[in-house]
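The values are calculated or read from the model by the stated rules, or taken from the named source; none is laboratory data. What you see is a predicted model; the values in this text were computed from it and never measured. Here Cβ is always computed from backbone atoms with ideal geometry, including for glycine, and neighbour counts include all displayed protein chains. Accessible surface is based on the protein model in full, side chains and every heavy atom, while ligands, DNA and RNA are left aside. Shrake-Rupley method; radii C 1.70, N 1.55, O 1.52, S 1.80 Å.
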Amino acid sequence: ADNNVPALLLVALTPAQPLIDHGHFQYNCVSLGLTLCAVYALARQHLCIGSALFCLALNYKQMSLYHALPFFFFILGPRYKSIEGIKEIIKIGITVVSTFALCWAPFLGTAGDVVMRMFPFNRGLFEDKVANFWCSLSILIKVKDLLSRVTLVRAALFLTVLAVLPSQLLLFRDPTPNKFILALTNSALGFFLFSFHVHEKTILIPLTTVVLLYKSSSSNTSSSNTSTSNTSANNTSASNTTVNLSAIWFTIIATYSMWPLLQKDELEIMYIASMGVFLTLTCIVLRNQETSLHLLRGFLLSLFGCAVIH
């Protein structure tokens with residue numbers, strides 16, 4: 001249990017979520033919390049509970065659609081070939097329809113207006129200075145001026161499917177909890193990078209599942225070419241307590257990518273304070289574990305670059 005403490009502390013002190021929810025005052029924590037509960041329920045094979053929780057997340061905030069494909073393939077993968085599995089899928093389908101019916105019952109008369117509000121295609125390809133493909137491309141090519149909205153929607157859909165589908169097919173073939181988390185992260189990132197009309201704060205959606213990757217068994221540890229049995233045992237012990245530096249790195253860059261939005265909301269002091277606390281804890285954790293030197297150098301160089309660009 002003690003091995004989980006560093007990762008849990010880092011999760012609790014992840015800066016992006018409180019900055020947006022309690023600074024920008026847009027409460028994503030409800031839908032993202034429901035999504036995490038749904039992931040846990042499905043990993044524990046509580047399929048109907050997990051499905052209902054994800055439907056609630058989706059109806060609270062439509063951006064939870066970024067996670068929809070992995071949920072679908074994780075549930076369908078091991079069940080579509082057997083009669084018992086199909087019965088389970090029917091039960092889950094009834095749960096999903098019932099949950100949606102309860103959520104939408106108050107809006108039956110105005111469902112069309114609600115859908116238009118949920119999917120605002122008329123608001124453009126991206127919002128402000130979002131760190132995705134379309135915003136980066138617009139520095140060189142003003143695609144919004146060159147292509148019609150319909151063409152942009154189709155291009156965004158094509159690139160999103162292209163980015164997301166491979167990991168979903170792998171999950172469908174081998175639906176394990178770890179691959180489920182990776183597929184959730186990949187799906188959300190694919191949507192963030194390539195889909196139509198993305199906000200800066202949408203990076204919170206892939207970040208939600210990245211925090212589940214903070215604890216790693218061995219991905220960041222380095223081993224020497226020659227080792228004795230004692231050294232090998234020590235390395236094994238260290239690898240069991242490793243915090244995944246790649247996930248921490250992503251968290252920092254994700255928070256940094258929202259800097260223009262945070263500036264607009266006058267959250268500079270809170271940003272510096274929360275990032276300072278998170279980086280301090282990260283340094284303390286990294287001092288007590290073996291980390292790949294190349295990865296560490298890249299991480300520090302990246303931090304230096306962020307500081308200079310600020």
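Kindly establish whether THR231 is modelled with pLDDT of 85 or more, out of contact with any Pro (no Cβ under 9 Å at 6 or more places or on another chain) and either of a type outside the set (D, E, K, R) or part of a helix (DSSP H, G or I) (or both).
Taking the combined requirement at face value, the residue does not satisfy it.
Check off (1) over 19 Å from HIS199 (Cα atoms); (2) among the hydroxyl-bearing types (Ser, Thr, Tyr); (3) in contact with a helix residue (DSSP H, G or I) (Cβ under 8 Å, 6 or more places away or on another chain) for SER148 and give me the number that stays unchecked.
Going through (1) over 19 Å from HIS199 (Cα atoms); (2) among the hydroxyl-bearing types (Ser, Thr, Tyr); (3) in contact with a helix residue (DSSP H, G or I) (Cβ under 8 Å, 6 or more places away or on another chain) one by one, SER148 breaks only (3).
Every residue, every condition in (1) of a type in the set (Val, Ile, Thr); (2) closer than 23 Å to HIS199 by Cβ; (3) surrounded by fewer than 19 Cβ atoms within 10 Å (Cβ to Cβ); (4) out of contact with any Leu (no Cβ under 8 Å at 6 or more places or on another chain), yes or no:
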site: ILE49; (1), (2), (3), (4): yes, no, yes, yes
site: ALA52; (1), (2), (3), (4): no, no, no, yes
site: PHE72; (1), (2), (3), (4): no, no, yes, yes
site: ARG79; (1), (2), (3), (4): no, no, yes, yes
site: SER98; (1), (2), (3), (4): no, no, yes, yes
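Being touching a helix residue (DSSP H, G or I) at 6+ places or on another chain (Cβ under 8 Å), open to solvent by 20 Å² or more (accessible area, probe 1.4 Å), farther than 20 Å from SER302 by Cα and of a type outside the set (S, T, N, Q) is the filter here; which residues of region 238-267 pass it? Walk me through how you get there before you give the answer.
First, the residues of region 238-267 that are touching a helix residue (DSSP H, G or I) at 6+ places or on another chain (Cβ under 8 Å): 240-241, 243-262, 265, 267.
Within this subset, residues satisfying the condition of being open to solvent by 20 Å² or more (accessible area, probe 1.4 Å) are 240-241, 244, 246, 249-250, 253, 256-257, 259-260, 265.
From what's left, farther than 20 Å from SER302 by Cα: 240-241, 265.
Passing the criteria: only ASP265.
Of the residues GLY33, GLY77, GLY50, which is touching a residue at least 40 places away in the same chain (Cβ under 8 Å) and over 23 Å from LEU157 (Cα atoms)? Steps first, answer last, please.
On the way: GLY33 fails: touching a residue at least 40 places away in the same chain (Cβ under 8 Å); GLY50 fails: touching a residue at least 40 places away in the same chain (Cβ under 8 Å).
None of the others qualify; the one that does is GLY77.
Kindly indicate whether ASN132 is out of contact with any Ser or Thr (no Cβ under 7 Å at 6 or more places or on another chain), under 14 Å from HIS197 (Cβ atoms) and surrounded by fewer than 17 Cβ atoms within 10 Å (Cβ to Cβ).
In short, no.
Those residues that are open to solvent by 70 Å² or more (accessible area, probe 1.4 Å) and either within 23 Å of ALA57 (Cα to Cα) or over 24 Å from the mean Cα position of the chain (by Cα) (or both), I need them from region 101-129; list them, please.
Within region 101-129, LEU102, PRO106, PHE107, LEU108, GLY109, ASP113, MET116, ARG117, PHE119, PHE121, ASN122 meet the criteria.
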